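Notes follow the structure.
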Amino acid sequence: MKKLLLLILMIFMGFTCFAGSVYVMDSGKPDLVIWIAPYKSQADLCVYVAPHRSEARGKDEIWYFEKYRSSADIKIKITKYKSQADLKIYYVKYKSEAGWRKSHPWMGRLH
C-alpha cells in the first residue's frame with residue numbers, strides 16, 4: 001500500500017513539474033555552474049526571467065527562480081570566474097531577445 005501511494009505521488013509530482021525552474025545554490029553540488037556575462041556578445045545563452053512558473057515551461061531561455069530546492073528542475077551555482085563556468089548567460093529585458101547565441105552541449109537539457 002505504501003509503495004502504491006509513493007508511486008502515485010511520484011507520478012503526480014512529475015506532471016506538476018515546470019521546466020525552466022531554477023534554484024540558485026550557495027553550497028553543495030549544482031547541476032550547472034553559470035557565469036553572468038556583462039555583455040551579450042560573451043554569452044552562450046540569453047535568459048529572460050519570467051514572473052510566473054508557467055512561462056518557463058519547456059524553454060531553456062526562459063527561467064523562473066524557485067524559492068525551494070525541491071521545486072526546481074535544475075540547480076545552479078553562480079561563479080565569479082568565466083573559466084569555471086559550464087554555461088555563460090546574459091540577462092535580457094524582453095522575452096523576444098532570449099535564446100541560444102551559439103551551439104552548446106547544454107542546449108535542450110535545461111528543462
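Side notes on the structure shown:
- Of the trypsin sites (Lys or Arg not before Pro) in the stretch 43-96, those whose Cβ has at most 13 other Cβ within 10 Å and which sit in DSSP loop: Lys67, Lys80, Lys93
- Calculated FRET value between Leu32 and Lys93, using beta carbons and R₀ = 30 Å, to 0.05: 0.85
- Cα-based shape type of the stretch 52-111, given that a ≥ b ≥ c are square roots of the gyration tensor eigenvalues and the cut on a/c is 1.5: oblate
- Low-density loop cleavage sites - chymotrypsin sites (Phe, Trp or Tyr not before Pro) in the stretch 31-111, where at most 11 other Cβ are within 10 Å (DSSP): Tyr39, Tyr68, Tyr81, Tyr94
Values in this text are rule-based calculations from the coordinates and carry no lab data. For clarity, every value in this text was computed on a predicted model and none was experimentally measured. No Cβ is skipped: glycine too gets one built from the backbone with ideal geometry, and neighbour counts run over all protein chains shown.
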